[in-house]
Structure formats: C-alpha cells, structure tokens
Amino acid sequence: MAWVLWSEIRNVMELQIFFSLVFVVAGFYFLPAIGISALSFDIFLLLVIGAYCNIILLVIILVLLYFEDRKGAFFISATFLISNTVFTYGTLLIGERAYGFGFFIAAFFSLIAALIELRAYLKNINYHTFCGQPVIQKKRIGLFGKLTRTLYRDMEN
C-alpha cells in the first residue's frame, strides 16, 4: 500500500511539474508581449515553483488527513504558516528583488517536512491502523457540539 501511495504521489508530482513548465514557457512568450517587466517575470517564475511545492504539500496534507493523522497535518500546516510568515517578512525587508522567494522557500521547506512526516507515518502504518484506535470509544462533545445542544434546547422550549 505504501509503495502504491508513493507511486501515486510521484505521478501527481510529474503531472504538476508538466503544467508548471507549460505555464513557465507560456509566461516566457506571453508576459513580455503584454508589457511585464523582467522583475515581474522573475517573481512569476518563483511563484510558479512555489505553487508547485505548495500543491504537492496540500496533496500530502490530504493524504495525512485521510489516514487520520490530524496532528501531523496540523504540524505541517503550522510549519507552512509560520515559515511563510517569517520568510515573506524577511524578503519584504530585502526588497523587491526578493519578492516571491519567501513563499517559495516556505513551500519548499514545508514540503520537505511533509514528506518526512508522511514517511514516518507510513513506516508505522500497521500500528496506526490496528493499535492506534481506542478500544473503548468515548463520546466527546466539543465546543460546537455543546453550542448546538444549547441552541436546540432553547428551540424546544
């Protein structure tokens, strides 16, 4: 199962890199024709590569959520949020020559972290599948469940 999953992730990566290259080539021909500057074209290239990393990152987060690894998905999402904030702020301080680089670095860094997290999770997939579930299910009512009960209780009276 893990082999098939990695194979499908590789297929998604190949398909996405194809479309990213199509957009880079299309941008190379069409963006100068509509008056886009060289600086804006460089930012476009960085953002296409960053978007590639971000799309693969989102696919891996979906796979982690499919396997009920909410903590891993949250960790990866928080990693992207924090690193994107820090790196983008840093590139704003550097100047417009670095625009887009913060997003690319954050997406690439988070993608590496996501691949490591998925690999670690799949290494112990048998434990997570068969032993990670509680033997006796406790029904927990969260904040929204309590709010819903309160609202419906008021409607019944």
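The values are calculated or read from the model by the stated rules, or taken from the named source; none is laboratory data. What you see is a predicted model, and the numbers here were worked out from it, not measured in a lab. Quick reminder, even Gly has a Cβ in these numbers, built from the backbone with ideal geometry, and neighbours come from all protein chains shown.
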* Do we have F67 as at pLDDT below 90 and either among the basic types (K, R) or under 21 Å from L5 (Cα atoms) (or both) here? -> yes
* Select, from S37, S20, S83, the only residue that is out of contact with any Gly (no Cβ under 7 Å at 6 or more places or on another chain), within 30 Å of K123 (Cα to Cα) and hydroxyl-bearing (S, T, Y). => S83
* Qualifying positions in the stretch 24-60 - at pLDDT below 90 and aromatic (F, W, Y) -> F28, Y29, F30, F41, F44
* Within the stretch 39-58, can one find any residue that is free of Cβ contacts under 8 Å to residues at least 60 places away in the same chain, more than 19 Å from R10 (Cβ to Cβ) and part of a loop (DSSP other than H, G, I, E, B)? -> no
* Right, I76: modelled with pLDDT of 90 or more, farther than 30 Å from S37 by Cα and in contact with a Ser or Thr (Cβ under 8 Å, 6 or more places away or on another chain) or not? -> yes
* Asked: Considering only the stretch 94-123, how many residues are among the β-branched types (V, I, T) and either surrounded by 16 or more Cβ atoms within 10 Å (Cβ to Cβ) or touching a Cys at 6+ places or on another chain (Cβ under 7 Å) (or both)?
  -> 1
* Are any of the residues in the stretch 18-34 closer than 23 Å to R119 by Cβ, of a type in the set (F, W, Y), in contact with a helix residue (DSSP H, G or I) (Cβ under 7 Å, 6 or more places away or on another chain) and surrounded by 11 or more Cβ atoms within 10 Å (Cβ to Cβ)? -> no
* Name the pairs whose Cβ atoms lie under 6 Å apart, with the first residue in the stretch 1-12 and closer than 12 Å to V63 by Cβ, the second of a type in the set (V, I, T) and at pLDDT 85 or above, and 6 or more positions between them or separate chains? -> V12/V59
